[in-house]
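Enquirer: Supplied in structure tokens, the structure appears directly below.
The values are calculated or read from the model by the stated rules, or taken from the named source; none is laboratory data. Here the structure is a predicted model, which means the values were calculated and not measured. Note: ideal-geometry Cβ built from the backbone for every residue, glycine included; neighbour counts use all protein chains shown.
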Amino acid sequence: MDFKNKVVVITGGAHGIGLCTAEEFKKQGAHVCVIDSSEGDHYVGDIGNKEELEGFARTVIEKYGRVDILINNAPPQMHGIDDCTWEQFQNAMNVGVTAPFYLCKLFAPYFSQGASVINISSSRDRMSQPQTESYTAAKGGIAALTHALAVSLAGRVRVNSISPGWINTEFTTYEGPDAKQQPAGRVGNPLDIAHMVLFLASDKAGFITGENICIDGGQTRLMIYHGDHGWTLNEE
């Protein structure tokens, strides 16, 4: 996988999966452009704000003139139906769905031939816990947006998404039930996702587009029934 001098754009690239992915691309000699709302050595901005997103895109194009790889990684906030306001839900949509769409639109004239867009969804695009509506809706939205963009940008840009499961951004090693409940036997870490991002961005994935790949240690494939294989329901 050769990424030397490739122009890579990552939203939410100052922490967790985004930071790890940025570091992996830098190791390969790529030019990495990060936008994040936290202070740091990157473009500081809120991707939920149209003007700030436009300013970031303009800065990237003025400096490099093209985009080879776009990773829409910045996560929306999680609020549930009991306390989520209109404004909080709309912000989750802005960050999780509208911003990825709009960045693709802004960069559309500047994507190089064979460019790659990778959207970070979540295994919550197919399963839920209570009181997670804003985050879950946004992650489901970006998964669907992925195949729509893949069709619209066909022939020039490949578009795929990744749905991470439980990823501990601190690389904590869990033991006991936290690990054993996952068929892979452990909790994930950011490198598990970053490695797939680099693969999807490479020529080795040249026949993959419009796809969503779930990386969750097999957890969404594990069937659970009360009283079966030691699983019990605690209704406290």
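Enquirer: Return the residues of segment 204-233 that are surrounded by fewer than 10 Cβ atoms within 10 Å (Cβ to Cβ) and within 24 Å of LEU149 (Cα to Cα); say none if nothing qualifies.
Expert: PHE207
Enquirer: If you go through segment 74-86 one residue at a time, do you hit one that is in contact with a strand residue (DSSP E or B) (Cβ under 9 Å, 6 or more places away or on another chain), assigned to a helix (DSSP H, G or I) and either basic (Lys, Arg) or surrounded by 15 or more Cβ atoms within 10 Å (Cβ to Cβ) (or both)? I'd like the intermediate steps shown before the answer.
Expert: Within segment 74-86, the subset in contact with a strand residue (DSSP E or B) (Cβ under 9 Å, 6 or more places away or on another chain) is 74-75.
In the following step, the residues that additionally are assigned to a helix (DSSP H, G or I) were identified as none.
No: zero hits.
Enquirer: Any residue in segment 164-173 that is touching a residue at least 40 places away in the same chain (Cβ under 8 Å), crowded, with 21+ Cβ neighbours inside 10 Å and part of a loop (DSSP other than H, G, I, E, B)?
Expert: The answer is yes; a qualifying residue exists.
Enquirer: For ASN119, only one of the following conditions fails: (1) modelled with pLDDT of 95 or more; (2) surrounded by 16 or more Cβ atoms within 10 Å (Cβ to Cβ); (3) over 15 Å from VAL8 (Cα atoms). What is its number?
Expert: Tallying (1) modelled with pLDDT of 95 or more; (2) surrounded by 16 or more Cβ atoms within 10 Å (Cβ to Cβ); (3) over 15 Å from VAL8 (Cα atoms), ASN119 fails exactly one: (3).
Enquirer: Continuing with this model, one more query. Would you pick out the residues in segment 126-147 that are out of contact with any Lys or Arg (no Cβ under 6 Å at 6 or more places or on another chain), part of a helix (DSSP H, G or I) and β-branched (Val, Ile, Thr)?
Expert: The answer is ILE142, THR146.
Enquirer: Sticking with this structure for a sec: Given the criterion in contact (Cβ under 8 Å) with a residue 40 or more places away in the chain, touching a Gly at 6+ places or on another chain (Cβ under 6 Å) and over 17 Å from ASN212 (Cβ atoms), identify the matching residue among PRO130, PRO76.
Expert: It is PRO76.
Enquirer: What number goes with the only condition from (1) part of a loop (DSSP other than H, G, I, E, B); (2) touching a Ser or Thr at 6+ places or on another chain (Cβ under 7 Å); (3) within 20 Å of LEU103 (Cβ to Cβ) that VAL197 does not pass?
Expert: (1)
Enquirer: Which numbered condition trips up TYR110, out of (1) at pLDDT 95 or above; (2) surrounded by fewer than 23 Cβ atoms within 10 Å (Cβ to Cβ); (3) over 28 Å from ASP203 (Cα atoms); (4) not acidic (Asp, Glu)?
Expert: So the condition that TYR110 fails would be (3).
Enquirer: With (1) within 28 Å of ASP2 (Cα to Cα); (2) surrounded by 15 or more Cβ atoms within 10 Å (Cβ to Cβ) as the list, and ARG186 as the residue in question, which single condition is left unmet?
Expert: (1)
Enquirer: For residues that are among the hydrophobic types (A, V, I, L, M, F, W, C) and in a strand (DSSP E or B), scanning just segment 19-43, find the one that is nearest to PHE3 (Cα to Cα).
Expert: Filtering segment 19-43 for residues that are among the hydrophobic types (A, V, I, L, M, F, W, C) and in a strand (DSSP E or B), the one nearest to PHE3 (Cα to Cα) comes out as VAL32.
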